[in-house]
Amino acid sequence: MKDFILKRIASIVLPFICIYGFYVIFHGHVSPGGSFAGGIIVGLSFIAFSTIYGIEKGRKKLPEKVLVYAESYGTLWYGILGLVGIVKGVPFLANKLAGIDMGAPGALNSGGLISLIGIGVGIRVASTMVTLFFTMMEEEK
Amino acid sequence: MKLRVRNLIILVFVSVTIYGMLLMIAELPPYGMPDNPVHNEVSVRYINEALEETGVLNMVTSIVLDYRAYDTMFETIVLFTAVLAVVITVRASNGKEKGK
């Protein structure tokens, strides 16, 4: 698209949308929202960028290599955190049973493994959205 | 003639299945009643103990990422598989067109 106004407005608004998505991911355990919703918002900000500025510029922002790494290691991250329970001698994916400090409820570092898992799931969902979008747009050519 | 017999058998099977399903639906408890078996001690346990057991204020997150952690883990694997399938399918069809 070659619309001047649209591009200027997007350059002002989109960074805030992206940061808001990360805010929702990081605060998924203390406020409404969560990793799935936050991941969708982050992915949408990149999708909006590629729709407005063109698919090539969007691909430069998020190269294929980064997306592949986010895809595969986001999934692996969950399993690695689950192994913490096994190392401590309790069931897979155990949180409080594993003796992890829960912190004060409402603080950003509360919830033990939950916030860490949430970050992985959020990145995972965002990269899924962006990968699907890029792949579909590739087909159009 | 053969086709008709086969269609008749399929019709009988489908009718019996639908009849059985309708019988099961008739046995279901009325929707939204407080003494339904759905409203058991599990939800009460979540409401009362979620904060103490997980240290998380958002109860939905505590259920999704702690009590039901296995479910969410395989959900992310489902997402991974879906993306993999789409990428493989689209890339393969693109390559075929280029090869021609």
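The values are calculated or read from the model by the stated rules, or taken from the named source; none is laboratory data. Note that the coordinates shown come from a computational prediction; the quantities given were computed from them, not determined experimentally. All Cβ positions, even for glycine, are placed from backbone atoms using ideal geometry, and neighbour counts span all protein chains on display. Note: areas computed on protein heavy atoms with side chains; ligands, DNA, RNA excluded. Shrake-Rupley method; radii C 1.70, N 1.55, O 1.52, S 1.80 Å.
Do the conditions hold for B:T17, that is, is it within 30 Å of A:A126 (Cβ to Cβ) and among the β-branched types (V, I, T)? Break it down stepwise before answering.
Details: within 30 Å of A:A126 (Cβ to Cβ): no; among the β-branched types (V, I, T): yes.
Considered against the rule, which asks whether it is within 30 Å of A:A126 (Cβ to Cβ) and among the β-branched types (V, I, T), B:T17 comes out as no.
Count, please, the residues in region A:1-53 that happen to be open to solvent by 60 Å² or more (accessible area, probe 1.4 Å) and of a type in the set (A, V, I, L, M).
10
Checking A:P32 against (1) under 21 Å from B:V83 (Cα atoms); (2) within 14 Å of another protein chain (Cβ to nearest Cβ): exactly one of these is not met. Which one?
Failed condition: (1).
Looking at (1) more than 25 Å from the chain's Cα centre (by Cα); (2) modelled with pLDDT under 90, which one does B:V12 not meet, given that it meets all the others?
So the condition that B:V12 fails would be (2).
Restricting attention to region A:105-131, which residues are in a loop (DSSP other than H, G, I, E, B), open to solvent by 10 Å² or more (accessible area, probe 1.4 Å) and at the interface with chain B (Cβ under 8 Å from one of its Cβ atoms)?
A:P105, A:G106, A:G112
For A:V42, all conditions in the list (1) farther than 30 Å from B:T54 by Cβ; (2) touching a Cys at 6+ places or on another chain (Cβ under 7 Å) hold save one; what is the number of the exception?
Condition (1) is where A:V42 drops out.
For region A:35-78: of the residues being of a type in the set (K, R) and touching a residue at least 12 places away in the same chain (Cβ under 8 Å), which is nearest to the other protein chains (Cβ to nearest Cβ)? Write out each step before concluding.
Step one: filter region A:35-78 for residues of a type in the set (K, R), giving A:57, A:59-61, A:65.
Checking the rest, the ones that are also touching a residue at least 12 places away in the same chain (Cβ under 8 Å) come to A:59, A:61.
Details: A:R59: 14, A:K61: 19 Å.
Of everything passing the filter in region A:35-78, A:R59 is nearest to the other protein chains (Cβ to nearest Cβ).
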